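These notes are about the structure you will find just below.
The values are calculated or read from the model by the stated rules, or taken from the named source; none is laboratory data. What you see is a predicted model; the values in this text were computed from it and never measured. Cβ sites come from the backbone with ideal geometry, for glycine too, and all protein chains shown count toward neighbours.
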Amino acid sequence: MTMKRRNFLKATVGARAAFGGFQGKAWGQAKAVRIGYTLSATGPYAVGAGIIQAPNYALWIDQLNSKGGIMVKGEGRRPVEYVSIDDRSEIETAVRFYEKLMTEDKVDLVLPPWGTAMHFGVAPVANRYGYPLIGPTVTSNKLKELSLPYFFVVIQQPDSITRAMADVLKEMKAQGKISKVGLAYVTDLFGIELHAALSGFLRDVGLPIAVTKSYPLGVKDVAPMLKEFKGAGVDAFVGCTYPPDNILMTGQAKEVDYNPAVYMTAVGTAFPIFRDRFKGAEGVMGTAGWNPKFKTPGSKEYFEAHVKKNQKEPDRWGSAFTWASLQIMERCVGEVGLDHKRIKEALDSEEFSTVVGPVKFVKGMNVSTPGMVGQWQKGEFEIIGPKSWATSSAVVPKPAWA
C-alpha cells in the first residue's frame with residue numbers, strides 16, 4: 001500500500017499555496033520565516049508520513065498564516081514558508097537535503113522527517129549545525145546512548161510503550177482470558193527494539209512467549225506466519241509493526257481466520273483508515289497516546305480543525321504528538337525568537353502545555369507522557385491502559401472479524 005504522490009503534495013507542498021494566497025499587512029512588511037523538512041511521499045514510509053505528519057504540517061502553516069504568521073519575539077508576526085521535498089523513504093536522500101537546508105538555504109527552522117530510522121539519520125545533522133529538532137515519530141532506547149543536545153523527542157519510547165502493552169496482557173492473563181502469547185516483529189530498528197523491550201517485560205510479569213517470528217520491511221505475504229501462530233494456539237498475538245505490514249497482516253489474519261482473544265499491533269492501528277479498512281476493526285488493540293476525549297488543552301479544537309482542513313480525522317497516536325511538537329516550537333519562537341541556542345535552552349528548561357498533556361524534556365526525552373494501549377470500540381480508539389489515562393475498559397475476547 002502506498003500513498004499517491006498527488007495526495008501527499010496536496011497535504012504538504014500544497015499548504016504553501018496558502019502562503020501565496022494570504023492577504024494581509026504582514027506579507028508586505030515582514031520577511032518570511034523559512035522552515036525546511038523532508039517527508040516520504042513514496043516508499044515504505046509514505047503511509048505513515050502521509051497520515052501523521054503531512055496533514056499536521058499543512059494545518060499548522062494554514063493556522064499560522066491566517067493570523068499573519070508565527071509570532072517571533074521582538075519582531076511580531078512573520079509569515080511562514082515551507083521548503084520541502086519527498087525523501088522517497090531514503091535516509092541518504094533526507095540527510096543530504098537537511099544538510100542543504102542548513103548550510104546552503106540557511107532556513108530559520110527545521111521540522112523532522114517521519115519514522116525512527118529517518119530521525120536517526122537526520123538528528124546528528126541538526127545537532128552538528130545547531131538546529132533544534134523535535135521528533136514526534138521516533139521511538140528507540142538507543143536515543144539514550146546518543147549525545148545530541150539539540151534533539152528532543154516528544155513521543156513515548158519503547159520501554160514505556162511495551163510496559164503498557166505488557167501490563168494489559170498481564171491483566172488479561174490474570175482474568176483467565178488469555179494463556180499463550182506470540183510476537184511478530186518487523187526487522188528494522190523500531191521493530192527490533194520494540195520486540196526486545198516487550199520480550200523483557202513479558203518475562204518480568206510471568207508471561208512466557210510461545211512463538212516469535214520476524215519479517216522484513218516491505219514484506220508481501222505473512223499468511224504462513226499467521227498460520228503458525230494459529231496452529232500453536234496463540235490466543236494473544238502482538239505485532240511490532242509499521243503501517244504497511246500492519247495493514248497487510250491484519251487483512252491476512254482475517255483471510256486465514258485467525259482471530260485470537262487479543263490481537264494487538266503497533267504503528268498504524270490508531271489510524272482511522274485502519275478502522276475503516278477493517279469495518280470498524282472492533283476489538284483490535286494497538287499502541288496509542290491520545291484520544292479526542294482527553295481533557296488536555298485544545299484537544300477538541302485540534303480534532304475539529306484537523307478534520308476541517310484535511311477532510312479526515314487525525315490518528316490517535318503520532319498525529320497528536322506531531323501537533324504537540326509544533327505547539328512547542330511555536331511557543332519557543334514566541335518566547336525567545338529564532339535564535340537556535342535560546343530555543344534549545346527553552347526546550348531544556350520549560351514545561352509545555354500541549355494536546356497530549358504536559359511535556360517536560362529531561363536530557364531530550366519527554367518524561368511526562370506514559371506509554372498507552374488503545375482498542376477500537378464502536379468507531380473510537382479508546383485508551384484502555386494505563387488506567388489513569390483510560391477512556392474505556394478492554395473488551396476481551398476480541399469479536400469476530402467483520
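Quick notes
- Selection over segment 120-153 of residues that are touching a residue at least 24 places away in the same chain (Cβ under 8 Å) and within 24 Å of Gly43 (Cβ to Cβ) gives a count of 18.
- Asp348 falls short on exactly one of the conditions (1) under 27 Å from Lys177 (Cβ atoms); (2) surrounded by fewer than 24 Cβ atoms within 10 Å (Cβ to Cβ); (3) not hydrophobic (A, V, I, L, M, F, W, C), and that condition is (1).
- Any hit, segment 23-44, residues being aromatic (Phe, Trp, Tyr), part of a strand (DSSP E or B), at pLDDT 95 or above and within 18 Å of Gly115 (Cβ to Cβ): yes
- Qualifying residue in segment 263-281 (condition: assigned to a loop (DSSP other than H, G, I, E, B) and among the basic types (Lys, Arg)): yes
- Strands (runs of 3 or more DSSP E) lying entirely in segment 138-234 (those with 2 or more residues that are closer than 25 Å to Leu326 by Cα, at pLDDT 95 or above and hydrophobic (A, V, I, L, M, F, W, C)): 151-153
- The number of residues in segment 310-328 that are in a helix (DSSP H, G or I), without any contact (Cβ under 8 Å) to a residue 40 or more places away in the chain and either of a type in the set (Phe, Trp, Tyr) or surrounded by fewer than 24 Cβ atoms within 10 Å (Cβ to Cβ) (or both) comes to 1.
- One residue alone among Arg16, Arg5 is on the phi < 0 side of the Ramachandran plot, surrounded by fewer than 20 Cβ atoms within 10 Å (Cβ to Cβ) and either touching a Phe, Trp or Tyr at 6+ places or on another chain (Cβ under 9 Å) or modelled with pLDDT of 95 or more (or both), and that residue is Arg16.
- Considering residues of segment 351-373 that are among the aliphatic types (A, V, I, L, M) and either crowded, with 22+ Cβ neighbours inside 10 Å or more than 17 Å from the chain's Cα centre (by Cα) (or both) only, the residue nearest to Gln327 (Cα to Cα): Val355
- Taken together, the residues in segment 329-347 that are of a type outside the set (Val, Ile, Thr), touching a residue at least 24 places away in the same chain (Cβ under 8 Å), assigned to a helix (DSSP H, G or I) and over 13 Å from Trp60 (Cα atoms) amount to 7.
- Considering Glu99, Glu104, Glu90, Glu75, the condition of being modelled with pLDDT of 95 or more and closer than 23 Å to Arg342 by Cβ is satisfied by Glu75 alone.
Each row is one residue, and each column tells you yes or no for (1) in contact with a helix residue (DSSP H, G or I) (Cβ under 6 Å, 6 or more places away or on another chain); (2) touching a residue at least 40 places away in the same chain (Cβ under 8 Å); (3) crowded, with 19+ Cβ neighbours inside 10 Å.
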site	(1), (2), (3)
Ala41	yes, yes, yes
Gln53	yes, yes, yes
Tyr57	no, yes, yes
Ile61	yes, yes, yes
Gly76	no, yes, no
